[in-house]
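Visitor: Below you'll find the structure I mean.
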Amino acid sequence: MRVLSLIHQDDAPTGTFADAVRERGGELLEWNLANGGPPAPPESFDAVFIFGGGMHVDQEEQHPWLREEDSLIQGLLAEQVPVFGVCLGGQLIAKAAGARVGPAPHEEVGWHEVQLTAEARTDPLFSRVPERFDAFQWHQYAFELPTGAVPLARNPVGLQAYRLGDSAWGIQFHAEVTRGIVEGWLASDGSGRQIDLSPIERWAELGRGLADRFLELASRPRRGRPVATPAR
């Protein structure tokens, strides 16, 4: 299968989600949207990941490519291409689906508890996730639930995960991070904040599980189109 990973800055890559692609023998193309659109139509991929970044969804004047990404995501949703958004990615999917995205009541950085909703118990991705877990967070904005979407996780700051239709998921927490990614963020942050990274390996297992179950769904033929095979 062919998987497109849309990133927004080089220090916020695909992380452990790339492991899930490789373990399935898939072909992964990682593309930084700040450098322009991807070299192939996103609709031609079997699945699309959308990751985080230091920018916000309403900063289109500073980052004009956010407008193009909004149209791109609307197209993915219309074509029902399986899409999974993380942090900014989840916010961008929610925005493209018409939901409000804006400043959270307060920022979440580090480990914060998340609780699944009742609907998560039957969700294809979240049904195997513990009812409560400490999630790695790094965000100042938050999304509201798109019309017709299913809430999957919450905490006191707000909605933490949702499913839109049968092919789109958004999460607010960073399930893709590795120790190296977080260490890079801390080094460039400049705040001097300290975060315990000892849970990262266990956390990475949860993230790989989410990604693998998403890819399992994406590997199934959709709308009469067979799953694409890697180019030779």
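The values are calculated or read from the model by the stated rules, or taken from the named source; none is laboratory data. Because the structure is a prediction, the values reported are computed rather than measured. For neighbour counting, all protein chains shown are included, and Cβ atoms are generated from backbone atoms with ideal geometry for every residue, glycine included.
Visitor: Filter the stretch 121-144 for residues that are outside any strand (DSSP E or B) and surrounded by fewer than 20 Cβ atoms within 10 Å (Cβ to Cβ) and give the result.
Guide: If the condition is that a residue be outside any strand (DSSP E or B) and surrounded by fewer than 20 Cβ atoms within 10 Å (Cβ to Cβ), then Arg121, Thr122, Pro124, Ser127, Arg128, Pro130, Glu131, Glu144 are the ones that fit.
Visitor: Touching a residue at least 60 places away in the same chain (Cβ under 8 Å), closer than 13 Å to Leu76 by Cβ and touching a helix residue (DSSP H, G or I) at 6+ places or on another chain (Cβ under 9 Å): is that true of Asp46 in this structure?
Guide: So Asp46 fits the description; yes.
Visitor: Please enumerate the residues belonging to the stretch 145-157 that are touching a helix residue (DSSP H, G or I) at 6+ places or on another chain (Cβ under 8 Å) and either at pLDDT below 95 or assigned to a strand (DSSP E or B) (or both).
Guide: Residues satisfying the conditions are Val150, Pro151, Leu152, Ala153.
Visitor: Hey, another quick one. Given (1) farther than 26 Å from Phe143 by Cα; (2) not in a strand (DSSP E or B), identify the lone condition not met by Leu28.
Guide: The failed condition is (2).
Visitor: Return the pairs, sorted by first residue and then second, in which the second residue is part of a loop (DSSP other than H, G, I, E, B) and surrounded by fewer than 18 Cβ atoms within 10 Å (Cβ to Cβ), the first residue lies in the stretch 25-42 and is without any contact (Cβ under 8 Å) to a residue 24 or more places away in the chain and among the acidic types (Asp, Glu), the beta carbons are less than 6 Å apart, and the residues are 6+ apart or on different chains.
Guide: none
Visitor: Out of the residues in the stretch 33-50 that are in contact with a strand residue (DSSP E or B) (Cβ under 6 Å, 6 or more places away or on another chain), modelled with pLDDT under 95 and not aliphatic (A, V, I, L, M), which is nearest to Glu61 (Cα to Cα)?
Guide: Here the residue is Pro38.
Visitor: Another question about this same structure. For the stretch 140-149, does any single residue satisfy the condition of being closer than 27 Å to Asp196 by Cβ and either among the acidic types (Asp, Glu) or touching a His at 6+ places or on another chain (Cβ under 6 Å) (or both)?
Guide: Scanning the stretch 140-149, I find at least one residue that is closer than 27 Å to Asp196 by Cβ and either among the acidic types (Asp, Glu) or touching a His at 6+ places or on another chain (Cβ under 6 Å) (or both), so the answer is yes.
Visitor: Give all pairs with beta carbons closer than 8 Å in which a residue from the stretch 75-89 that is assigned to a strand (DSSP E or B) meets a residue that is among the acidic types (Asp, Glu); count only pairs at least 6 apart in sequence or on separate chains.
Guide: Val86/Glu176
Visitor: Would you point out which residue out of Val227, Val177 is of a type outside the set (Lys, Arg) and modelled with pLDDT of 95 or more?
Guide: That would be Val177, the only listed residue that is of a type outside the set (Lys, Arg) and modelled with pLDDT of 95 or more.
Visitor: Search the stretch 61-108 for residues being over 19 Å from Ala168 (Cβ atoms) and in contact with an Asp or Glu (Cβ under 8 Å, 6 or more places away or on another chain), and hand back the single one that is surrounded by the fewest Cβ atoms within 10 Å (Cβ to Cβ).
Guide: Of everything passing the filter in the stretch 61-108, Arg67 is surrounded by the fewest Cβ atoms within 10 Å (Cβ to Cβ).
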